[in-house]
Amino acid sequence: MRTPTVHSRLLLAFLGALALSSPALAQDEDEDAPYAYPDEEEEDAPRKLPRRSDPTADFERLSDEEEGDFEKMYRLDDPNTGLAGEVILGAMLLSSSKGAFAETGLGLGLRFTWEYGRILDSEPLREALWADVRWMMAGLSDGTDLVAGRNRIHYFTVAPAYEFTFGAAQAFGVFGQVGGGMALQSSTLSIGANETSVKGLKPLFQYGVGFRGRPRLSDRLALSFRVELTRFRRGYMNDTFIGGSLGTAF
């Protein structure tokens, strides 16, 4: 009868050992598991690539924040000052007091040009706007050895112009011009050894069209030339100049 008691005790001891060994085994499995480091977790997670930005966005932002600090490229392409000087030569068709269509004389003078469009912050107007300061002279002589008359007219004008340029370097163009000034007229009548002179000053209105060229000779020097048809209205008389000019621009 003692045998069943012994077996009962052994069974209870075996069950108790199993109950105590389960938590230990669970703890050992947790201790043996590899520790997950933060870097490893981030590597396992899907990576997000940085957003690619617009390559022009930074330039636009900087140009808006620092407007005026960027130098325009067209100023670097053409470093000229926009000044030019030319000698004018051609035919002057003067209003005739004899009732004829015109009396032809020689017209000559000097002209200085300033491209004032360069001071504006606009590339199209940079080459299109300019103005002339002009002096011209024309004259006629007629008569006999006994009685002769000489007439000289000096034209002083300031005239802005607008030019439509073309060509790779915008070096050529057609233009229209309107301006004003004064005309100084000097007339001399000679009768034998006696001379009588009369001088007068009249307001002057100038307008015309033409073709203008400025092919570059070097980085800061260009050849400047012009072919033009220009009219000068002084009082009720109209004088027409057909000719050209040649000089340099820098």
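Of the residues screened, Ala169 is one that is within 22 Å of Glu123 (Cα to Cα), open to solvent by 40 Å² or more (accessible area, probe 1.4 Å), under 32 Å from the mean Cα position of the chain (by Cα) and modelled with pLDDT under 95. Quick one: would you say Glu163 is in a helix (DSSP H, G or I) and in contact (Cβ under 8 Å) with a residue 40 or more places away in the chain? In short, no. The single condition among (1) of a type in the set (Lys, Arg); (2) within 30 Å of Val198 (Cα to Cα); (3) buried (at least 18 other Cβ atoms within 10 Å of the Cβ) that Arg152 does not meet is (3). When each of Ser141, Ser197 is tested for being closer than 19 Å to Leu106 by Cα, more than 45 Å from the chain's Cα centre (by Cα) and open to solvent by 40 Å² or more (accessible area, probe 1.4 Å), the lone residue that passes is Ser141. Within segment 183-194, the only residue that satisfies the criterion of being open to solvent by less than 80 Å² (accessible area, probe 1.4 Å), without any contact (Cβ under 8 Å) to a residue 40 or more places away in the chain and of a type outside the set (S, T, N, Q) is Leu184. Can Arg118 be described as open to solvent by less than 50 Å² (accessible area, probe 1.4 Å) and among the charged types (D, E, K, R)? Yes.
For segment 200-225, the candidate set comprises residues that are among the hydroxyl-bearing types (Ser, Thr, Tyr) and surrounded by 12 or more Cβ atoms within 10 Å (Cβ to Cβ); within that set, the residue that is farthest from His154 (Cα to Cα) is Ser224. On inspection, Gly180 passes the criterion of being among the small types (Gly, Ala, Ser), touching a Leu at 6+ places or on another chain (Cβ under 7 Å), outside any loop (DSSP other than H, G, I, E, B) and open to solvent by 10 Å² or more (accessible area, probe 1.4 Å).
The values are calculated or read from the model by the stated rules, or taken from the named source; none is laboratory data. These figures come from a predicted structure and were not determined experimentally. No Cβ is skipped: glycine too gets one built from the backbone with ideal geometry, and neighbour counts run over all protein chains shown. Only protein heavy atoms, including side chains, enter the accessible area calculation; ligands, DNA and RNA are left aside. Shrake-Rupley method; radii C 1.70, N 1.55, O 1.52, S 1.80 Å.
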